[in-house]
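Written below as structure tokens is the structure these notes are about.
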Amino acid sequence: MDVDFSQQRIKMVDGQLRTTDVTSQPLLAAMLKVPRETFVGAPKRDLAYIDEDLEIASPRAGSGARYLMEPSPFARLVQLAEIGPGDFVLDVGCGSGYSSAVISQLAGSVIALESDPSLADFATSALASLGHDTVVVVQGALEQGYASEAPYDVIMVEGAVDHIPDALFDQLKEGGRLVAVVGEGNAGEARVYVKSHGSVTGRRAFNAAVKPLPGFKREMAFEF
């Protein structure tokens, strides 16, 4: 039986987003519009709207599996960033491109940064197939950001991290916001950081358990 993805999008918005304090009308409209199933490989396409993280790349040497973030925490993180029509956004760890597609409905333009070449290729094709011409997919180490196009109004980090490297804060504009989940599992906290007068301050917004991104493990230091 064919899956009615348009009905699944409606159910996602009504059952997963509105019930978890996602109230931004532009964001809800974006998530109703963007076909999430386009950003999931064929074997798992029928699961595109499930209310849990969905694996989109298997573990590789030196890196764990990669996931499409569960809709509710993803939407809450995007809402926290308060993205506006003129904003220039860096989407760190764009995966298969879904996050960048949604953000592009809210922002002026998006740089979609991905470290996995196969995911970057998938994202490029998926975004192009839907005509998202305000998104550019680039490859590089996630923790280094993408300095050549900086500064950014908003930086979104699409997964849990141990810490935020200074390299990312350095790429924020004055008044810019960075949103990330710091801490893994049940210890994860969604935080928003704002740059003001050259310095960055952060605040906790809500608890969030999302899958980790590669490259953000804090180095263990020896103490004598």
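Nothing in this text is a laboratory measurement; each read-out follows from the coordinates by a stated rule. All values derive from a computational prediction rather than experimental measurement. All Cβ positions, glycine included, derive from the backbone under ideal geometry; neighbour counts span all protein chains shown.
Given (1) surrounded by fewer than 24 Cβ atoms within 10 Å (Cβ to Cβ); (2) in contact (Cβ under 8 Å) with a residue 24 or more places away in the chain, where does V161 come up short, assuming only one miss?
Of the numbered conditions (1) surrounded by fewer than 24 Cβ atoms within 10 Å (Cβ to Cβ); (2) in contact (Cβ under 8 Å) with a residue 24 or more places away in the chain, the odd one out for V161 is (1).
Which condition from (1) within 24 Å of V157 (Cβ to Cβ); (2) surrounded by fewer than 18 Cβ atoms within 10 Å (Cβ to Cβ); (3) touching a residue at least 40 places away in the same chain (Cβ under 8 Å); (4) of a type outside the set (D, E, K, R) is the one that F5 breaks?
If we test F5 against (1) within 24 Å of V157 (Cβ to Cβ); (2) surrounded by fewer than 18 Cβ atoms within 10 Å (Cβ to Cβ); (3) touching a residue at least 40 places away in the same chain (Cβ under 8 Å); (4) of a type outside the set (D, E, K, R), just (1) comes out false.
Against the condition touching an Asp or Glu at 6+ places or on another chain (Cβ under 6 Å), hydroxyl-bearing (S, T, Y) and buried (at least 22 other Cβ atoms within 10 Å of the Cβ), how does S104 come out, does it pass?
When the stated conditions are applied, S104 does not pass them.
Of all residues in segment 107-134, count the ones that are within 16 Å of P151 (Cα to Cα) and crowded, with 20+ Cβ neighbours inside 10 Å.
Result for segment 107-134: 5.
Search segment 81-108 for residues that are on the phi < 0 side of the Ramachandran plot and pair each with any residue that is part of a loop (DSSP other than H, G, I, E, B) and of a type in the set (S, T, N, Q) when their beta-carbon atoms are under 9 Å apart and the residues are at least 6 apart or on different chains.
From residues that are on the phi < 0 side of the Ramachandran plot, the pairs are L90/Q171; S104/T134; L106/S24; A107/T134; G108/T134.
Hey, among the residues in segment 164-182 that are farther than 16 Å from P214 by Cβ and under 18 Å from the mean Cα position of the chain (by Cα), which one's surrounded by the fewest Cβ atoms within 10 Å (Cβ to Cβ)?
So the residue we want is F169.
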